[in-house]
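The values are calculated or read from the model by the stated rules, or taken from the named source; none is laboratory data. The structure presented is a predicted model; accordingly, all values stated were derived computationally and were not measured. FYI the Cβ positions are ideal-geometry reconstructions off the backbone, even for glycines, and counts take in every protein chain you see. To get the accessible areas, we keep the full protein, side chains included, count just its heavy atoms, and leave off ligands, DNA and RNA. Shrake-Rupley method; radii C 1.70, N 1.55, O 1.52, S 1.80 Å.
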Amino acid sequence: TSFAHAGKKTLLIDGDLRKPDVGLVLNLPAGLRGLQDFLGGYPIDRAVYKMNGIGLYVLAAENRDSISALEMLSNPEAVERIRSLTKFFDKIIIDTPPVLAFSDTLLWAKIADGTLLTSFVGHTTRPEMQEAIERLTDIRARILGTVVNNVKMAHSYRRYGYGYGYTYHKEAQKKHRVQMESRGSTLLIASVKNEEKKS
């Protein structure tokens, strides 16, 4: 929504074909299966849902085709169709299943220009984070960073062993911003959770 409000034509893809929930979270009409329709050959204007008032476009999914999720994403034609979306949108964000639960996420990571990992303090362990990074590194995915959820703001980040620093020099901030802007338009959001923790 921030990208959309900033004037960027933004597409959100529910890349979790096993437990899709983007439509539910955004309160979209029930039964939308835009991602499956698009991968099945529908033109983008017939598959996408536009959220009026926000300017955000959504390719929702449903779990009816969950059994064939891996097969669907492994299809070279499907990969090309997803990549072709950069001709229509300035920013594309893909929400995926947990990276350690299914190999679907690795297929999405090969398509995306960059990957952003999400973790949950108190649930995500160091070994899980390390394994997720290793899997993504093995396929040469570009990891842009991580978002840590459930952090208690009254405490130091270092208490949880992350040790992130936010007070670096302005020149470094500028360099980082330029790097982020040059890394392409398709961003993958991959959680580092076991499947049982997602439900």
Using θ = phi - 60° and Karplus 6.51 cos²θ - 1.76 cosθ + 1.60, couplings along segment 26-38 (whole Hz; Gly, Pro as x): 8, 6, 7, x, 5, x, 5, 9, x, 5, 4, 5, 5
Using the heavy atoms of the protein chains alone and a 1.4 angstrom probe, what is the accessible area of segment 20-109 per residue in square angstrom? 50 Å²
Skipping prolines and chain starts, which residues have an amide H placed within reach, meaning under 5 Å, of the one on ILE13, given they are 5 or more residues away or on another chain? LEU59, ILE93, ILE94, ASP95
For peptides 10-17, 116-123, 76-83, sequence by mean Cβ density within 10 Å, most packed first: 10-17, 116-123, 76-83
